[in-house]
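Student: What follows is a single structure, and I will ask about it in a moment.
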Amino acid sequence: MSPLPLDGVRVVDFTQVMLGPCCTQMLADYGADVIKVERAKAGDLSRWSVGEDPDGLNNPVFSSLNRNKRSLALDLRQEDQKAVVRRLIERADVVVNNFRPGVMDRMGFGWEDCRKLNPRIIFAVGTGYGLEGPYKQKGGQDVMAQAMTGVMRRKADPDHPLATYPTALADYSAGMHLVQGILLALMQREKTGHGQLVSVSLYSSMLAMQMQEAAMWMMRGRDLNWAVMPLSGCFETEDGAVAMVGAFKENPLRDICEALGFEDLSKEERFSTLERQKEHRPELQALFRARFAQGTTKHWVERLEAVDILCAPVRTLAEALEDPQTIINKMIVELAPSKGGPVKLMGTPIDMSDAALEVRHAPPKLGEHNAEILRELGLSLDAAA
C-alpha cells in the first residue's frame, strides 16, 4: 500500500464542535497521527450535541467529524496531566485549536509556549472573528458568521423572511481553509526549518466566499445577486421541483423556450438582451412557473438537458445519499455496526489515485487511547489516571 501524504505528521488536536474537527479529520484521513486531547469525563462538546443517543458519547454528529483520530482524555487542571501535553507538543508537528483568543495561553499552551517547547511547531487556530480586532472576544459560531458578513441578507426574493442557512457553511469553509493553511506551513517549514502561527476565522471565510459579490460592490457600487438572474431559479413541478440556470450560452432564452414549448421570446424586443430580461424578470419567471407546473420533474429535466440548459432535480439529502453517483464517488464510508445500528459516514471529497481513504481508527471513545499514547511517550499510566 502506498504511503499516505501526511504519514509521519503528528497533530495535537484541542478542537471541538465542527470548524476544528473537520480540519483535523481531513489531516487524519490522509495519514496524520491526530491525537484528540479531550476533557476527562466530558470530551468534545459534539459528544453531547444531540442529547441521548444509543451510542452515548459517540453519536452520529461526533462520529462524522472524528474518525482516524486517537482520543486522549485529560484533566488539564492537574499539573502532571499538563506535563503529558507538553511532552506531546515537544514531539509534534502541529497544534490545532478553535478556542477564543487567549484560552490556550491561560492553559499554558499558547503560541509562545508551544514554540518554546518546539521551534518547529505549527500552531493553527480557528476563531470566530480573528486574533485581533474589536470582535476577537466575541463568541463565534456558524450562524453568527452568516449574520455578521451579509450572507444571511442574501436572498432570491426580498420578501422572504430572514433565516439561517441550516447547514454549517462557515464551519466547513473555515475548517478547509485551516487545512490549507497547515499544509502551506508544513511546506514552508521544509524551506525555513521553523514553524509558524496559522489562523483562520469563520468571519473571514464567509467574506472570502463572497469574493465576486464583494468586488462588484467595492469597485462598481452594484449588488451582484446570482439568485435573481432572469433565466434562473427553482420551479415547482407536478411531483417536485427543478433548478434551472439559463446562462453560459449565446442565447439561453431561445433554448429554454424550445424546451418549455414556447415561441422564441428572445425575438421580442422586451426580452432581446440580458438587461431587458432583467427589467422584465417577473414576467419571465411567471411564465416559467406556470409551464413547469404542467409536467413532472423528470420530463422537464430531460427537455432542458436536450437543449443543453443547466438543470437538476431539487432533492432531499436522503435522495442524494441514495444516488448511484454518490456511491461511485465513494462518498459513503461504512464501518462496523455499533450498538445504535449501522455506522455510515461521509467520505472525503478528495479522490487521490495513490492515497485512497482508509479508516484506520473508528471514531474514538472518550479516552480510548490514553494507555497507548502514554506508553509511546514513555510515561506511566498514572500520568493520566
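Student: Taking only pairs six or more apart or across chains, which ones have beta-carbon atoms under 9 Å, a first residue in segment 36-48 that is touching a residue at least 40 places away in the same chain (Cβ under 8 Å) and closer than 15 Å to Val96 by Cα, and a second residue that is basic (Lys, Arg) and in a strand (DSSP E or B)?
Tutor: Final answer for the pair search is Lys36/Lys69; Lys36/Arg70.
Student: Taking Leu178 as the residue in question, decide whether it is in contact with a strand residue (DSSP E or B) (Cβ under 7 Å, 6 or more places away or on another chain) and either part of a loop (DSSP other than H, G, I, E, B) or small (Gly, Ala, Ser) (or both).
Tutor: Numbers: in contact with a strand residue (DSSP E or B) (Cβ under 7 Å, 6 or more places away or on another chain): yes; either part of a loop (DSSP other than H, G, I, E, B) or small (Gly, Ala, Ser) (or both): no.
It is false that Leu178 is in contact with a strand residue (DSSP E or B) (Cβ under 7 Å, 6 or more places away or on another chain) and either part of a loop (DSSP other than H, G, I, E, B) or small (Gly, Ala, Ser) (or both).
Student: Is there any pair with a first residue in segment 342-369 that is of a type in the set (Asp, Glu) and a second that is surrounded by 13 or more Cβ atoms within 10 Å (Cβ to Cβ) and not in a loop (DSSP other than H, G, I, E, B) whose Cβ atoms are under 7 Å apart and which are 6 or more apart or on different chains, and what are they?
Tutor: Going by the 7 Å Cβ cut-off, the qualifying pairs are Glu368/Ser71.
Student: Going by the conditions given, is Lys36 more than 20 Å from Glu334 (Cβ to Cβ), assigned to a strand (DSSP E or B) and not β-branched (Val, Ile, Thr)?
Tutor: Details: more than 20 Å from Glu334 (Cβ to Cβ): yes; assigned to a strand (DSSP E or B): yes; not β-branched (Val, Ile, Thr): yes.
So Lys36 passes the test.
Student: Could I ask something else about it? Which residues, taken from segment 115-172, are under 30 Å from Val34 (Cα atoms) and among the β-branched types (Val, Ile, Thr)?
Tutor: Ile121, Ile122, Val125, Thr127, Val143, Thr167
Student: Then there's this: What's the number of the condition Tyr203 fails, among (1) over 22 Å from Gln146 (Cα atoms); (2) in the same structural domain as Asp93 (by TED's automatic domain parsing)?
Tutor: (1)
Student: Then there's this: Quickly run through segment 272-298 and pick out the residues that are in contact with a Phe, Trp or Tyr (Cβ under 9 Å, 6 or more places away or on another chain) and not in a helix (DSSP H, G or I).
Tutor: Within segment 272-298, His280, Ala293 qualify.
Student: Within segment 118-135, can you find the residues that are touching a Ser or Thr at 6+ places or on another chain (Cβ under 8 Å), farther than 18 Å from Cys22 by Cα and of a type in the set (A, V, I, L, M)?
Tutor: Correct list: Leu131 only.
Student: I've got another one for you. If I ask for residues that are surrounded by fewer than 16 Cβ atoms within 10 Å (Cβ to Cβ) and outside any loop (DSSP other than H, G, I, E, B), which ones from segment 216-232 would you list?
Tutor: Met216, Trp217, Met218, Met219, Arg220, Trp226, Ala227, listed by residue number.
Student: Which ones in segment 94-147 are part of a loop (DSSP other than H, G, I, E, B) and of a type in the set (Ser, Thr, Tyr)?
Tutor: Tyr129, Tyr135
Student: Against the conditions (1) under 30 Å from Val228 (Cα atoms); (2) without any contact (Cβ under 8 Å) to a residue 24 or more places away in the chain; (3) in a loop (DSSP other than H, G, I, E, B), where does Lys155 fall short? Just the number, please.
Tutor: Result: Lys155 fails condition (2) only.
Student: When only residues in segment 100-135 that are free of Cβ contacts under 8 Å to residues at least 24 places away in the same chain and of a type in the set (Gly, Ala, Ser) count, which is surrounded by the fewest Cβ atoms within 10 Å (Cβ to Cβ)?
Tutor: Checked segment 100-135; the qualifying residue surrounded by the fewest Cβ atoms within 10 Å (Cβ to Cβ) is Gly133.
Student: Could you check how many residues of segment 77-99 are crowded, with 17+ Cβ neighbours inside 10 Å and touching a Lys or Arg at 6+ places or on another chain (Cβ under 9 Å)?
Tutor: Residues in segment 77-99 being crowded, with 17+ Cβ neighbours inside 10 Å and touching a Lys or Arg at 6+ places or on another chain (Cβ under 9 Å): 4 in total.
Student: Somewhere in segment 269-282, is a residue among the aromatic types (Phe, Trp, Tyr), surrounded by 12 or more Cβ atoms within 10 Å (Cβ to Cβ) and either touching a Pro at 6+ places or on another chain (Cβ under 9 Å) or free of Cβ contacts under 8 Å to residues at least 12 places away in the same chain (or both)?
Tutor: Yes, because at least one residue in segment 269-282 is among the aromatic types (Phe, Trp, Tyr), surrounded by 12 or more Cβ atoms within 10 Å (Cβ to Cβ) and either touching a Pro at 6+ places or on another chain (Cβ under 9 Å) or free of Cβ contacts under 8 Å to residues at least 12 places away in the same chain (or both).
Student: Can you tell me which of Val343, Val301 is outside any loop (DSSP other than H, G, I, E, B), over 16 Å from Asn68 (Cα atoms) and not assigned by TED's automatic domain parsing to the domain that holds Pro60?
Tutor: The unique qualifying residue is Val301.
Student: Exactly one condition in (1) assigned to a helix (DSSP H, G or I); (2) closer than 17 Å to Cys114 by Cβ; (3) hydrophobic (A, V, I, L, M, F, W, C) is not met by Val198; state its number.
Tutor: (1)
The values are calculated or read from the model by the stated rules, or taken from the named source; none is laboratory data. Model, not experiment: these values are computed from the prediction. As a convention, Cβ positions derive from the backbone with ideal geometry for all residues, glycine included, and neighbour counts pool all protein chains shown.
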